[in-house]
Amino acid sequence: MSALFDALLPTHAKLANHLHKPARKKSEMYQLRKSILEAIWIERLRQKDLLRQGKIEFDCASPTTDPLRKLAVVTEEHGEVAKEILEANNYTKAESRKRLKAELTQLVAVGIAWLESLEDENAS
(Lines give C-alpha, C1' and ligand atoms only; values in the text may rest on other atoms or scores of the structure.)
Protein backbone atom coordinates (compact mmCIF):
# COMPACT_ATOMS: atom_id res chain seq x y z
CA MET A 1 0.00 0.00 0.00
CA SER A 2 2.91 2.38 0.59
CA ALA A 3 3.78 2.56 -3.13
CA LEU A 4 0.21 3.56 -3.97
CA PHE A 5 0.18 6.03 -1.11
CA ASP A 6 3.50 7.52 -2.28
CA ALA A 7 2.04 8.00 -5.75
CA LEU A 8 -0.96 9.86 -4.33
CA LEU A 9 1.05 12.20 -2.09
CA PRO A 10 2.18 15.54 -3.47
CA THR A 11 5.91 16.01 -3.60
CA HIS A 12 7.49 18.57 -1.31
CA ALA A 13 8.22 20.75 -4.33
CA LYS A 14 4.55 20.70 -5.40
CA LEU A 15 3.52 21.53 -1.86
CA ALA A 16 5.97 24.42 -1.69
CA ASN A 17 4.73 25.77 -5.03
CA HIS A 18 1.12 25.36 -3.93
CA LEU A 19 1.79 27.50 -0.89
CA HIS A 20 3.56 30.11 -3.05
CA LYS A 21 6.43 30.18 -0.57
CA PRO A 22 9.20 28.02 -1.99
CA ALA A 23 11.63 26.90 0.68
CA ARG A 24 15.13 28.31 0.42
CA LYS A 25 16.79 25.11 1.55
CA LYS A 26 15.66 21.52 1.43
CA SER A 27 15.95 21.35 5.23
CA GLU A 28 13.37 24.18 5.56
CA MET A 29 10.64 22.22 3.79
CA TYR A 30 7.87 20.86 5.94
CA GLN A 31 8.20 17.09 6.08
CA LEU A 32 4.89 15.28 5.71
CA ARG A 33 4.88 12.23 7.92
CA LYS A 34 3.78 9.39 5.72
CA SER A 35 2.88 7.15 8.67
CA ILE A 36 0.43 9.72 10.03
CA LEU A 37 -1.15 10.37 6.65
CA GLU A 38 -1.44 6.63 6.02
CA ALA A 39 -3.20 6.18 9.38
CA ILE A 40 -5.69 8.93 8.49
CA TRP A 41 -6.24 7.44 5.05
CA ILE A 42 -6.84 3.98 6.54
CA GLU A 43 -9.31 5.51 9.02
CA ARG A 44 -11.21 7.19 6.16
CA LEU A 45 -11.39 3.83 4.39
CA ARG A 46 -12.63 2.23 7.63
CA GLN A 47 -15.34 4.88 7.94
CA LYS A 48 -16.45 4.28 4.35
CA ASP A 49 -16.55 0.54 5.02
CA LEU A 50 -18.70 1.06 8.15
CA LEU A 51 -21.15 3.04 6.03
CA ARG A 52 -21.24 0.30 3.35
CA GLN A 53 -21.91 -2.30 6.06
CA GLY A 54 -24.74 -0.20 7.49
CA LYS A 55 -22.98 0.17 10.86
CA ILE A 56 -23.19 3.98 10.64
CA GLU A 57 -26.13 5.93 9.25
CA PHE A 58 -24.30 8.65 7.35
CA ASP A 59 -20.89 9.82 6.25
CA CYS A 60 -19.52 13.29 6.93
CA ALA A 61 -18.10 13.20 3.38
CA SER A 62 -21.60 13.42 1.92
CA PRO A 63 -22.64 16.90 0.81
CA THR A 64 -26.23 16.00 1.70
CA THR A 65 -25.47 15.29 5.37
CA ASP A 66 -26.67 18.15 7.56
CA PRO A 67 -23.76 20.23 8.90
CA LEU A 68 -25.21 19.95 12.42
CA ARG A 69 -24.88 16.15 12.23
CA LYS A 70 -21.29 16.56 11.05
CA LEU A 71 -20.62 18.97 13.90
CA ALA A 72 -22.03 16.42 16.34
CA VAL A 73 -19.60 13.78 15.04
CA VAL A 74 -16.61 16.15 15.21
CA THR A 75 -17.63 17.20 18.72
CA GLU A 76 -17.98 13.57 19.81
CA GLU A 77 -14.52 12.76 18.45
CA HIS A 78 -13.10 15.84 20.15
CA GLY A 79 -14.63 14.60 23.40
CA GLU A 80 -12.96 11.22 22.91
CA VAL A 81 -9.59 12.99 22.58
CA ALA A 82 -10.28 14.89 25.81
CA LYS A 83 -11.29 11.65 27.54
CA GLU A 84 -8.02 9.97 26.56
CA ILE A 85 -6.05 12.92 27.93
CA LEU A 86 -8.00 12.87 31.19
CA GLU A 87 -7.63 9.11 31.58
CA ALA A 88 -3.96 8.92 30.55
CA ASN A 89 -2.87 7.96 34.07
CA ASN A 90 -4.95 4.79 33.87
CA TYR A 91 -2.59 3.32 31.25
CA THR A 92 1.10 2.94 30.63
CA LYS A 93 2.66 5.87 28.78
CA ALA A 94 2.94 3.79 25.61
CA GLU A 95 -0.68 2.61 25.80
CA SER A 96 -1.90 6.13 26.56
CA ARG A 97 -0.04 7.54 23.53
CA LYS A 98 -1.43 4.75 21.33
CA ARG A 99 -5.00 5.44 22.46
CA LEU A 100 -4.60 9.21 22.04
CA LYS A 101 -3.13 8.78 18.55
CA ALA A 102 -6.08 6.58 17.58
CA GLU A 103 -8.60 9.17 18.75
CA LEU A 104 -6.73 12.06 17.12
CA THR A 105 -6.61 10.06 13.88
CA GLN A 106 -10.37 9.56 14.01
CA LEU A 107 -10.93 13.26 14.73
CA VAL A 108 -8.76 14.33 11.80
CA ALA A 109 -10.34 11.74 9.48
CA VAL A 110 -13.81 13.08 10.28
CA GLY A 111 -12.58 16.60 9.60
CA ILE A 112 -11.17 15.47 6.26
CA ALA A 113 -14.46 13.76 5.44
CA TRP A 114 -16.27 17.05 6.05
CA LEU A 115 -13.74 18.84 3.83
CA GLU A 116 -14.38 16.22 1.13
CA SER A 117 -18.07 17.07 1.26
CA LEU A 118 -17.26 20.73 0.68
CA GLU A 119 -15.11 19.85 -2.32
CA ASP A 120 -17.98 17.75 -3.70
CA GLU A 121 -20.35 20.71 -3.27
CA ASN A 122 -17.98 22.91 -5.28
CA ALA A 123 -17.82 20.36 -8.09
CA SER A 124 -21.58 20.31 -8.62
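The values are calculated or read from the model by the stated rules, or taken from the named source; none is laboratory data. None of the values given here were measured: they were computed from a predicted structure. Backbone-built Cβ (ideal geometry, glycine too); neighbour counts: all protein chains shown.
Okay, here's what the table says:
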| item | result |
| --- | --- |
| Scan of segment 29-52 for residues that are outside any helix (DSSP H, G or I) and either basic (Lys, Arg) or in contact with a strand residue (DSSP E or B) (Cβ under 7 Å, 6 or more places away or on another chain) (or both), ordered by number | Arg33 |
| Given (1) out of contact with any helix residue (DSSP H, G or I) (no Cβ under 9 Å at 6 or more places or on another chain); (2) among the basic types (Lys, Arg); (3) part of a loop (DSSP other than H, G, I, E, B), index of the condition Lys55 fails | (1) |
| Considering residues of segment 24-41 that are at pLDDT 65 or above and of a type in the set (S, T, N, Q) only, the residue nearest to Leu107 (Cα to Cα) | Ser35 |
